[in-house]
1. In which sequence would 75, 144 go, from the one with the fewest C-beta neighbours within 10 Å to the one with the most?
2. Determine the relative contact order of the range 10-190: mean sequence separation of Cα pairs under 8 Å and six or more apart, normalised by residue count, in whole percent.
3. What does the highest-first list of 2-8, 126-132, 115-121 look like by mean Cβ count within 10 Å?
4. Between the alpha-carbon centers of the range 47-122 and the range 154-169, tell me the distance in whole angstrom.
5. For the range 10-190, give the magnitude of the charge dipole about the Cα centre (Cβ charges: +1 Lys/Arg, -1 Asp/Glu; no others), in debye to the nearest 20.
6. Can you give the relative contact order of the range 7-111 as a percent, counting alpha carbon pairs under 8 Å and 6+ residues apart?
7. Placing +1 on the Cβ of each Lys and Arg and -1 on the Cβ of each Asp and Glu in the range 10-190, which of 56, 99, 73 has its Cα farthest towards the positive end of the resulting dipole?
8. When the Kirkwood hydrodynamic radius is evaluated over all pairs of different C-alpha atoms of the chain, what value in angstrom, to one decimal, is obtained?
Amino acid sequence: MALNTKEILVPFADQATTGAALSGDVITTIPEDFDAALTAIAGFEGTGYLGEDGIALSTSLSLTDFREMNRGVVRRGLDDFTGTVTYTELQIMNYAVLCRKFGSDNVDKKVATLQKGQQMHVAIGPELAPVQAFAWKLKDGDARAIVLIPRGQVTNGIDLTFAANSMATVPTEVSAYDDGTGKNIHIYFDDGTVLSA
């Protein structure tokens, strides 16, 4: 097989005007290709800048060893699977970021007036954010990628530091749940190379 540098992806956030991290209603019909995935997330709400570490997708497998009488392992079985995406939101004063992290029922927003700027109140307590769909759009030249969790939930706590020498950021971990097809996370690619006539 020939070497092909177009198969290397050095991803940047494909943020345009809406931000590269998006969320919306749970997706029940799983897209089959990149274009369908783009359509499925078209109405999602995007948020702004992501932290310099990008997004980190990880899976964890817990296995059980099946042994024969002499204690040799003859097979391994899957005990547990988890999939997560972690990233950092930089815009802590963004309404969509706060709703994604804490749930819209816990974020109150008052629009700006001639006398005061936009005001928000976040109520934090012992509860999880709602289950929803999550997507991250990436680009490298003409190549594009979408990481999609059709059914997931923000499942990490928050450690906020308000200090003059650092940004107040929102570290976020999204746990990916079974989307009804036995899968949890989907990645779609378009290498951007079209055929000549």
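Just so it is clear, none of the values below were taken in a lab; they were calculated from the coordinates. Note that the structure is a prediction, hence the values are computed from the model and not measured. Note that each Cβ is placed from the backbone with ideal geometry, even for glycine, and that neighbours are counted across all protein chains shown.
1. Numbers: 75 10, 144 20.
The order, fewest Cβ neighbours first, is 75, 144.
2. Values: 373 pairs, mean separation 44.8, N = 181.
Computed value for the range 10-190: 25 percent relative contact order.
3. Values: 2-8: 7.6, 126-132: 14.0, 115-121: 9.7.
Per-residue mean Cβ counts within 10 Å order the peptides as 126-132, 115-121, 2-8.
4. Distance between centres, Cα-based: 15 Å.
5. Values: 14 positive and 23 negative charges, 66 e Å.
Dipole magnitude for the range 10-190 comes out near 320 debye.
6. Numbers: 131 pairs, mean separation 23.4, N = 105.
For the range 7-111, the relative contact order is 22 percent.
7. Positive-most Cα among the choices belongs to 99.
8. Numbers: mean 1/r = 0.0523 Å⁻¹.
Computed over the chain, the radius equals 19.1 Å.
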